[in-house]
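Here is the structure we will look at.
Readers should treat all values here as calculations from the given coordinates under stated rules, not as data from a laboratory. What you see is a predicted model; the values in this text were computed from it and never measured. Cβ atoms come from the backbone with ideal geometry, glycine included; neighbour counts cover every protein chain shown.
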Amino acid sequence: MQWVDRGFGHFLQMVEVEPRVFDGKFTGWTIVGLYPRDFWQDVDLREGDVVTRVNGLPIERETEAFSAFQGLKQAKELTVALERDGQVVERAIDLRAGADGDERCSENTVREAEHGRNCMRLHTDG
């Protein structure tokens with residue numbers, strides 16, 4: 001995965017987040033920007049979503065976020081727990097390469113979409 005190989009710093013340039021604190025307690029990271037937009041077009045994450053866990057791991061501290069990111073190198077799927085419009089939801093994003101090597105989808109794209117899964121198409125500039 002080119003975007004993982006480019007490192008955590010590069011990934012942080014693609015996602016802008018702000019900490020969400022409720023009653024003095026950290027509750028997650030609010031997505032305020034996803035860049036470049038075409039990279040994220042097939043991923044069901046939106047500005048305003050509050051990410052609470054990635055692949056079952058909390059991401060409160062920088063070290064936890066880095067560990068979750070590093071785990072993507074071997075992962076076939078990215079699971080994101082988030083709050084959206086007052087609802088707690090989980091999004092599973094298939095990270096496996098398709099036949100053309102560019103699309104991060106399995107052959108069962110329609111079936112996955114029906115089960116709340118997303119295909120992640122990689123639109124990279126390099």
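Packing-wise, with mean Cβ within 10 Å as the measure, how do 74-80, 48-54 rank, highest first?
Values: 74-80: 14.9, 48-54: 18.6.
With the highest mean Cβ count within 10 Å placed first, the list reads 48-54, 74-80.
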(message) How are the alpha carbon pair distances in the stretch 41-92 distributed across 10 Å bins from zero to the largest one, expressed in percent?
(response) 25, 53, 21, 0
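Quick one: if the Förster radius is 25 Å, what FRET efficiency do Q41 and K76 give, using the C-beta to C-beta distance and rounding to 0.05? Mind dumping the intermediate values first?
Details: r = 21 Å, r/R0 = 0.85.
According to the calculation, E is roughly 0.75.
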